[in-house]
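Working notes, structure below.
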Amino acid sequence: MSSFPGTQHPMSANKDAFNRQVLRLAGAYLVVMMSALLALGWPLHENYLRSRVEVIEAREQGYLSMVDYMVHKEFLEMAGDLGVISNSAVLTEFLDRPQPLLRQRLALALEQVVHNYGRYIDLQVQDPQGRILVQVRRTQLLEQPPLPLDATDAVNTLRIHTPVFNSRRQQAGTVHLRFHLDELLDTFANVMARNPFHQAMLVGPDGQWLRSSQLQTDKPLSFAQQYPAVWAAMQRQHTGALQTHQGLFLFSTLYPLELPPSALPASAILQHQGITVAAQQPSQYHWQAVILVPRELLEESPWLWRSHGVVVGLLLFTLVFISWMLAERKVSTNVERAREQQNAQEIAALYDQAPCGYHSFDTHGRILRMNLTQLGWLGYSRHEVQNRLCLTDLLTPASAVHFKKLFPRLQVSGQLRDIALNMVRKDGSILPVLLNATAEMSPQGEFLFSRTVCIDMTEIQRLQQALERRANTDSLTGLCNRRHFFELGVRELSHATRQQRPVAVCMLDIDHFKQVNDTYGHAAGDTVLMALAHSLLQQLRDTDILARLGGEEFAILLPDTPLQAAQEIAERLRSKLAALSVPLDNQKPPLHFTVSIGVALRHSSNATLEDLLRSADVALYAAKAAGRNRVCVASPEPPEPSNS
């Protein structure tokens, strides 16, 4: 080991002298290092404080932007609801003809809006003179007296209104919407309270508290009274920052109904609708968002600066001597770390590029991680999903309910197998998946997070649907086959029985179809069958069930159809088919054909579908026996047999 400059090797000098020299040199190094530390440390400390304030200010400005976005989003939804109501057809029709029946329809539509959205207190439609034409209120408020139109001073309530026009574009009155602000204010308080290092506040235009993330807003002093200097600055400028003995105040003026430039199209719509808040225009109604960062947090010194100077100096002096001892270990650590990083990158690549989806979620269902494969399926980027969305946010409502029922089983048993769910892509389309989840448990058996595999079931479902269509469809005509007809028919008869509605069945058979096959060939016969099916589909209702039972025999189930109407439908079908001209490919004259139809109405003696078809079949044979090309109706319910 080499000696320091100006010192002797310990083997050639007195040990005490060596120790004195080392002590002097160590003291000299310490004096120099402490002097340098003091010379450099104070400007660094000042720069640190300035940088800290800048970083804090930038971070809190982000919170103010988030508050602005949250408030605008909430008010835009409510203004959008008001716009939908003011432009609704039922309102326009009522303004054109203010009749009692139309008033009742409008009241029912407005009542549905109020009941579906819990934040709305009441809806009013007024004529140009301010008289109330229609008013609906929430059910729990019906026993209370109606609020007057100037009730915007009520705690945490607000009223917005817009003119409405009849179909001639003449102003026929106004629509007034009163709503609660509690949900928005509670959301603000909860979001802001996640950061314990600041206090966030919402202040009304008169300086009164709206909500605070830490303080109770029912205190005797208003914001303007408690922070007069800050309130004065807020009156002079819309946005800014002010540092006082209490800390750093950052404030921004919010105009809930006046959108930022990034939402100009929607803002233009609101201005066109003429939406106002009480007697104020959107550009006049405002709040103040304020964030206070305590002075103690701004002036907090770094740990090293707060530590004792001698300890810091000795620590730095010791690090000079031991740095070379750690070099080899540092290099070895770097090599090992590089190897671990390479392995981690390979594992991450396998995870992200896997042919199936992988994701994990915590005890609240919040997605912690999702691989690129599944992100690609859904159309999201990683920062849009991870630690932002819950799994239920990416599911259809029905699948979300199903998953919530299964989640406790995963937390207890530790696994879920082959769970079919429907996910919603970013563009709104549906992605069917098969989910298998395994839980990671703590040593105490508590659920920590899940590891989940998702398989895209789109192609599998497409094949299943194709097989189902093939199993339910006649391959020639595209109509229901016999099996599917019976499935649908039994279901319809059961529904008709519960609703006590009439159901009729028509059995249809092509006259002399064998002669068509024998004379023109089976290809011509197939053409006739397809032409018949196409013609019937054009003439029947969407609710009617048409099927090819076999050969040239067809069946039609007519829901909600009494016997007389069924007979008229059958006669119309017979007439249309008799007039139908079927062109042939072999340049022969077009082919004409006729059909015979049997009609039966369901009654107690033919309550089942088989009995009903049998009755219609009897009527069909009666039509053929009577000369074909006609409609015959099955005889009504036979009388009870006598005992004599």
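Once the cut-off is 28 Å, how many percent of the Cα-Cα pairs in the stretch 386-534 end up in the long-distance tail?
54 percent
Once label points are set 7 Å from the Cα along Cα→Cβ at both Glu440 and His534, what is their separation, rounded to one decimal in nm?
6.2 nm
On average, how much accessible surface per residue is there in the stretch 366-492, in Å², for a 1.4 Å probe, leaving out ligands, DNA and RNA?
I get 57 Å² per residue for this part.
Could you give the length gained on full extension between Lys73 and Asp96, defined as 0.36 nm per residue of separation minus the Cα-Cα distance, in nm?
Difference between extended and current length: 4.9 nm.
Given points 7 Å out from each Cα along the Cα-Cβ axis, report the Ser635 to Arg382 separation in nanometres with one decimal.
My value for the distance between the label points is 8.1 nm.
Could you work out the local net charge near Leu378, counting Lys and Arg as +1, Asp and Glu as -1, over the other residues with Cβ closer than 12 Å to its Cβ?
-1
Straight-line reach only, C-alpha to C-alpha below 17 angstrom: list the aspartates and glutamates that Lys404 could link to, leaving out same-chain residues fewer than 8 apart.
List returned: Asp362, Asp393, Asp418.
Name the long-range amide H neighbours of Tyr120: under 5 Å, sequence gap of 5 or more, or other chain; modelled H, no Pro or chain starts.
His180
Hand me the trypsin sites (Lys or Arg not before Pro) from the stretch 524-631 located in a DSSP loop with no more than 16 other Cβ atoms within 10 Å, in residue order please. If you can, show how the numbers build up before the last one.
On the way: sites: Arg541, Arg548, Arg572, Arg574, Lys576, Arg602, Arg614, Lys624, Arg628, Arg630; in loops: Arg541, Arg602, Arg628, Arg630.
Answer by residue number: Arg541, Arg628.
On full extension of the chain, what length is gained from Ala58 through Leu297, given 0.36 nm per residue of separation minus the C-alpha to C-alpha distance?
Between Ala58 and Leu297, full extension yields 84.6 nm more.
With a cut-off of at most 14 other beta carbons within 10 Å, and DSSP calling the residue loop, which chymotrypsin sites (Phe, Trp or Tyr not before Pro) in the stretch 463-516 qualify? Please list them.
Numbers: sites: Phe485, Phe486, Phe513; in loops: none.
In loop regions of the stretch 463-516 (DSSP not H, G, I, E or B), there are no sparsely surrounded chymotrypsin sites (Phe, Trp or Tyr not before Pro).
Compute the FRET efficiency between Glu568 and Ala89 as 1/(1 + (r/R0)^6), taking r as their Cβ-Cβ distance and R0 = 30 Å, and round to the nearest 0.05.
Efficiency computed from Cβ-Cβ geometry: 0.30.
Semi-axes, largest first, in whole Å: what does sqrt of 5 times each Cα gyration tensor eigenvalue give for the stretch 332-448?
Semi-axes, largest first: 27, 20, 12 Å.
In nm, what is the difference between 0.36 nm times the number of residues separating Asp518 and Ala607 and their Cα-Cα distance?
Length difference between fully extended and current span is 28.1 nm.
Local charge sum around Gly525 (other residues, Cβ-Cβ under 12 Å, Lys/Arg +1, Asp/Glu -1)?
-2
Would you mind getting me the FRET efficiency between Phe449 and Gln246? Use the beta-carbon distance for r and R0 = 51 Å, nearest 0.05.
0.75
Rounded to the nearest 0.05, what FRET efficiency do Ala578 and His495 give with R0 = 41 Å and r taken as the Cβ-Cβ distance? Could you check?
Values: r = 33 Å, r/R0 = 0.82.
After rounding, the FRET efficiency stands at 0.75.
The values are calculated or read from the model by the stated rules, or taken from the named source; none is laboratory data. Computed from a prediction, not measured in an experiment: that's the story for all the values here. Every residue, glycine among them, receives a Cβ derived from its backbone with ideal geometry; neighbour counts consider all protein chains shown. The area values use the complete protein model at the heavy-atom level, side chains included, leaving out ligands, DNA and RNA. Shrake-Rupley method; radii C 1.70, N 1.55, O 1.52, S 1.80 Å.
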